[in-house]
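The values are calculated or read from the model by the stated rules, or taken from the named source; none is laboratory data. Because the structure is predicted, anything quoted here is derived from the model rather than measured. Don't worry about glycine lacking a Cβ; one is built from the backbone with ideal geometry, like all the others, and counts go over all protein chains shown. Ligands, DNA and RNA are stripped out before the accessible areas are found, and what is left, the full protein with its side chains, is counted by its heavy atoms. Shrake-Rupley method; radii C 1.70, N 1.55, O 1.52, S 1.80 Å.
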Amino acid sequence: MPKDGLYRIGARLRQNFTSGQTVARRLLINGELPFAEAADLRFSYDGSWQSRVFGDENGDWLFYLKAGDVITLEAALGDISELLRAVEDSIYNLNHIYRQILMITGPNPDAYRDYDLDLRIPDELERLAQESRRLKNIVRQIEELGNRSQSFTSAIQRMIVRIDNMLENISDIPRKFTDFQSSIVALGAWLLSAKEQPLELDTIMLLEENASVPKAEKGFFENIGYGFRMFLSSFYADYNVQGRAEGGERINVWIASGRDQAQIISQLCDNHFTENTGIDVNVR
């Protein structure tokens, strides 16, 4: 900043990774949360770049910043964190129920045999019904949050349908046992993806109170000019060289493998050889 004072904080960013999902960030100043609202910045799915100033319905937030202050955007689960923990607990219980059924039916149950599961493991079947109710409650709470599409909960919905179908006719559980296992695996994979909070961050902006926000995208003619310059530069690029060692001591390394291998070797040279020796490497 040119001087200490009040600034708005914004960013040029894009969340085009997870369709139908909102990701969250926690805004910290010098490692501390400035106020409660900064703990849950939400970014919805959008294929284009955005220039966004952080704030709420009352307007942009103002922060008193001094030279040397550190701004951190930390990945956070936001308002869905407790619900994801509940799904994790449910997966743990469903796996336990699966193992109890497995000990009776084996991995390849006979579809024409009655295993009397309602008599042998009645407590586990009751727990199965409890997990169905728990997952239905989780779906309802996610929908009440209102910032995620219906596709976000599809894996949970499929698990609910699978459990309810099993409980409707206990004798059919052996025939549906493999599908039950697959649904648990799918729910676990969904949980891992739901915990990811991807956000592409290009620029952090510090704006004075009345400063205008820069455009997120260039205009039509600027894009045309940039494309033309890229086209011209393609005639001058040396595609036989990986790495651009300039100045100082450097060596050329010739290899007979393909471009993918050359890129890996160039990265290894930069991260290890150059780091330890100070000698730059051109991989040709």
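Below are the figures for this structure:
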| quantity | calculated |
| --- | --- |
| Rounded tilt (10° steps) of 259-268 against the dominant C-alpha axis of the chain | 80 |
| Using θ = phi - 60° and Karplus 6.51 cos²θ - 1.76 cosθ + 1.60, couplings along segment 55-65 (whole Hz; Gly, Pro as x) | x, 9, 5, 8, x, 6, 7, 10, 10, 7, 10 |
| Cα gyration tensor category, rounded, prolate or oblate, for the chain with a/c compared to 1.5 | oblate |
| Pairs from LYS3/LYS215; LYS3/LYS195; LYS66/LYS215 whose Cα-Cα separation, in the structure shown, is over 28 Å | LYS3/LYS195 |
| Pair-distance profile P(r), taking every C-alpha pair of segment 1-81, with 10 angstrom steps and integer % | 16, 48, 29, 6, 0 |
| Relative contact order of segment 36-189, pairs being alpha-carbon contacts under 8 Å that are 6 or more residues apart, as % | 25 |
| Candidate lysines - alpha carbon under 22 Å from LYS176, same-chain residues fewer than 8 apart omitted | LYS136 |
| Percent antiparallel among DSSP beta bridges (both partners in the chain, rounded to 5) | 85 |
| Shape of segment 134-203, Cα gyration tensor, a/c cut at 1.5 | oblate |
| Accessible area of segment 1-127 divided out per residue, in Å², using a probe of 1.4 angstrom | 54 |
| For segment 217-233, 3J(HN,Hα) per residue [Karplus equation, 6.51 cos²θ - 1.76 cosθ + 1.60, θ = phi - 60°, Hz, x = Gly/Pro] | 10, 6, x, 4, 5, 5, 5, 4, x, 5, x, 5, 5, 5, 4, 5, 5 |
| Cut-off under 5 Å, modelled amide H: who pairs with ASP40 long-range | LEU27 |
| Accessible-area composition of the chain, carbon plus sulfur, in percent [1.4 Å probe] | 50 |
| Student exercise, segment 1-131 dipole from Lys, Arg, Asp, Glu Cβ charges, in Debye to nearest 20 | 860 |
| Computed magnitude of the charge dipole of the chain (debye, nearest 20; Cβ of K, R +1, Cβ of D, E -1) | 580 |
| Alpha-carbon centroids, segment 113-127 and segment 9-46: separation in whole Å | 47 |
| Computed label-point distance, nm, for sites ALA36 and LEU268 using a 7 Å Cα→Cβ extension | 5.4 |
| Signed unit charges on C-beta, dipole axis of the chain, positive-most listed residue SER132, SER48, VAL23 | SER48 |
| Two-site label geometry, SER257 and GLU209: point separation in nm, points 7 Å out along Cα→Cβ | 6.0 |
